[in-house]
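Structure first, commentary second.
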Amino acid sequence: MSSKNPQNQLLNLSLTEARRLVLKKEISPVDLVDAALDQIARLDPTLRAYISVYDQARDVARAAEIMMMSGHDLGPLHGIPLALKDNIALNGLKTTAGSKVLADWLPDADATVAARLRSAGGIFLGKLNMHEFAWGGTSDNPHYGAVRNPWNPERFPAGSSGGSGVAVAARMCWGAMGTDTGGSIRLPSAINGIVGIRPTYGRVSNHGIIPLAWSMDTAGPMTRTVEDCALMFSVIAGPDANDPTTAHVPVQDYLTGIHQGVKGLRIGVVPDYFFQHLQPPVYAAIKSALETFESLGAEIKEVEIKNIHGNISAQLTIESAEPSTYHQRWLRERPQDYGEDVRTLLEVGELLLATHYLQAQRYRTLLREEFMAAFRQVDVFVCPTLPFTATKVGAMTVVIENGIEEDMLSAIMQFTGVPSLTGLPSLAVPCGFDFDGLPVGMQIIGRPFDEATLFQAGAAFQSITDFHLQTPPV
Amino acid sequence: MAAYAALPLEPSRQANVAAILSVWIPNANALSTKMSAAQYQSLVPATLFTHPATPEAEAKS
């Protein structure tokens, strides 16, 4: 993507930069939408990030331009082209959740997050491809095509918000919404070299989003910079009367202090879990990231989380039993409409015992108590997002070390399961590349409702690194 | 088990499902055994945070 091309210059603007230029009337929302739709037309036949593309976005952009020129600023996303994972409802527009089961479903209202983004001036370009019903980590979708990684289209984009990760990385929108139950925002963020946040459970409304596992589902923005992520997050965060799981906790100011740095920040690491069983380039990138934080004045402390082992079983049990409950009727009435992998997982989830599920839920309390105790010693934790870089499209196994093939689902959730189970917020930030030029990502995990500290740490990291400025070769 | 759950599971599908359960259930059993220990008897499932973390709250943990 040459920067000599004016359209590419637009596409390479961060969301925050685009916002500033729209506000100064130096660029028009129409220019942004045209550039993004052209990019989608050019790349999406290969990458398959979008399920629906809205040409009517051009009309919305023209209206946004007129409003801006006449002095009406709708909000912090005025005129910014965005896209939504296709499990997030838009009134009257197809919302498939990546499934055949919901292929023709037209919601009668916007999801709360969509309504908030729209109210802040965001323009929706379309809906993004994903793992079917968000139940899986590859985005190898049997109904809408396998999503492909812009860093190498032979590689997978991770998931389940694979289309969101790819659309942002390949400059097919300035920000996207994903959903995260066991890692579905953070995994594609890491694998595609972008930023994404899984919020504290209860910080962002799930109303109008097709559920995967109610007790762990979250929604969050995916962008190229931490500042962009904080900007979108500030629009969607906060209680919602339509979602009884949202918390009545005041929303922080995520932007004012974002550039305050990390001097004195205490960063916890758990060496006997988060730094074991990694591909060498992932280990090297995380180690280097910790050194970067130290150079910025942060303090690294080793912490023991005694009962962290066992989290993958708890994660798989809960993430199986809850979707099987939601899908119980459809699984009996139209099983043939599910892809093979999702159908099998839904069948498995019906055969776990209630005691397995409840013991897994009790384990979450134990793990949470240990992390809350650890927050007496540290302010955040840093760890890899996942132990490997992008595998080949279609792979169901992965080799992490010693040539041993491992089941993809268990391996991919090895580190993302911890925030999912505890409910703690976690920010994924790009922190390196492997020998093949494929991105590596880290997670910064924080206290409940303290997303501001995560954004501060991530922004400090991006202030002296350039991983987020690299462009995929497509 | 599928019959007890009123889940139609054709013979052709049983092998795939059994392969996953044969790995997951022993791990789930191990977690259940761990969580049945006397020291964890008072733990109740809790998935929501109702307030931000504070030094006082962390001290109680």
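Extending 7 Å from the Cα toward the beta-carbon at both A:A103 and A:A373 defines two label points whose distance is 5.3 nm. Put the Cα centre of segment A:413-474 next to the Cα centre of segment A:24-62 and the gap is 27 Å.
A dipole drawn for segment A:354-437 from +1 and -1 charges on Cβ atoms has a positive end, and of A:V380, A:M396, A:Q361 the residue lying farthest that way is A:Q361. For the peptide A:303-311, the mean number of other protein chain Cβ atoms found within 10 angstrom of a residue's Cβ is 1.
With a Förster radius of 25 Å applied to the C-beta separation of A:K263 and B:T50, the computed FRET efficiency comes to 0.20. Over segment A:217-356, the alpha carbon radius of gyration divided by the compact-protein estimate 2.2 N^0.38 Å works out to 1.45. Taken about its Cα centre, the protein assembly as shown carries a charge dipole of roughly 360 debye when the Cβ of each Lys and Arg holds +1 and the Cβ of each Asp and Glu holds -1.
Using the average count of surrounding beta-carbon atoms within 10 Å as a protection proxy, the listed peptides B:11-24, A:323-336 rank, highest first, as A:323-336, B:11-24. Our note on the geometry: Cα centres of segment A:135-150 and segment A:184-256, 22 Å apart. Ordering A:T292, B:M35, A:N87 by the projection of their Cα atoms onto the charge dipole of the protein assembly as shown, which places +1 on the Cβ of Lys and Arg and -1 on the Cβ of Asp and Glu, puts A:N87 at the extreme positive end.
Take B:30-39, A:275-284 and order them by the average number of nearby Cβ atoms within 10 Å per residue, most first; the result is A:275-284, B:30-39.
Please report A:S320, A:S295 as a ranked list, fewest other C-beta atoms within 10 angstrom at the top and most at the bottom. Lowest to highest Cβ neighbour count: A:S295, A:S320. Computed from label points 7 Å out along Cα-Cβ, the spacing between A:D253 and A:H72 is 2.9 nm. Summing Lys and Arg as +1 and Asp and Glu as -1 over all other residues whose Cβ lies under 14 Å from the Cβ of A:A285 gives a net charge of -3. With 31 Å as the limit, write out which pairs from A:K100/A:K392; A:K127/A:K301; A:K25/A:K94; A:K287/A:K392; A:K24/A:K127 have Cα-Cα distances beyond it, or answer none. Checking Cα-Cα distances, A:K127/A:K301; A:K25/A:K94 exceed 31 Å. With the dipole of chain A worked out from charges on the C-beta (+1 for Lys and Arg, -1 for Asp and Glu) around the Cα centre, which of A:P29, A:T325, A:L345 lies farthest toward the positive end? Farthest along the dipole direction, towards plus: A:P29.
With +1 on the Cβ of every Lys and Arg and -1 on the Cβ of every Asp and Glu, and nothing else charged, how large is the dipole of segment A:90-138 about its Cα centre, in debye rounded to the nearest 20? Show your work: numbers first, answer last.
Details: 5 positive and 4 negative charges, 27 e Å.
Charge dipole of segment A:90-138: 120 debye, to the nearest 20.
Each Cα pair under 8 Å and six or more residues apart adds its separation to the average, and for chain A the resulting relative contact order is 17 percent.
Could you order peptides A:198-211, A:59-72 by the average number of other Cβ atoms within 10 Å of their residues, highest first?
For the peptides A:198-211, A:59-72, the packing ranking is A:198-211, A:59-72.
Of all alpha-carbon pairs in segment A:46-151, indicate the percentage at a distance above 25 angstrom. Here the long-distance tail beyond 25 Å is 27 percent of all Cα pairs in segment A:46-151.
Can you give the FRET efficiency to the nearest 0.05 for A:R334 and A:N91, using r as the Cβ-Cβ distance and R₀ = 25 Å?
Details: r = 25 Å, r/R0 = 1.01.
That gives a FRET efficiency of 0.50.
This model, with +1 at the C-beta of Lys and Arg and -1 at the C-beta of Asp and Glu, gives segment A:301-380 a dipole about its Cα centre of some 260 debye.
Between A:R20 and A:E299, the FRET efficiency from the beta-carbon distance, with R0 = 22 Å, is close to 0.05. Spin-label pair A:D243-B:Q41: with each label point 7 Å from Cα along the Cα-Cβ axis, the two points sit 3.9 nm from one another. By the count of other C-beta atoms within 10 Å, a proxy for reagent exposure, A:M232, A:M130 are ordered fewest to most as A:M232, A:M130.
Relative to the compact-globule scaling 2.2 N^0.38 Å, provide the ratio for the alpha-carbon radius of gyration of segment A:335-414.
Numbers: Rg = 17.4 Å, N = 80, 2.2 N^0.38 = 11.6 Å.
In units of the 2.2 N^0.38 Å rule of thumb, it is 1.49.
Cβ crowding within 10 Å, taken as a proxy for footprinting-reagent exposure, orders A:H259, A:H356 from fewest neighbours to most as A:H259, A:H356.
Laboratory data are not the source of any read-out in this text; all were calculated from the coordinates shown. Note that this is a predicted model, so its numbers are computed, not measured. As a convention, Cβ positions derive from the backbone with ideal geometry for all residues, glycine included, and neighbour counts pool all protein chains shown.
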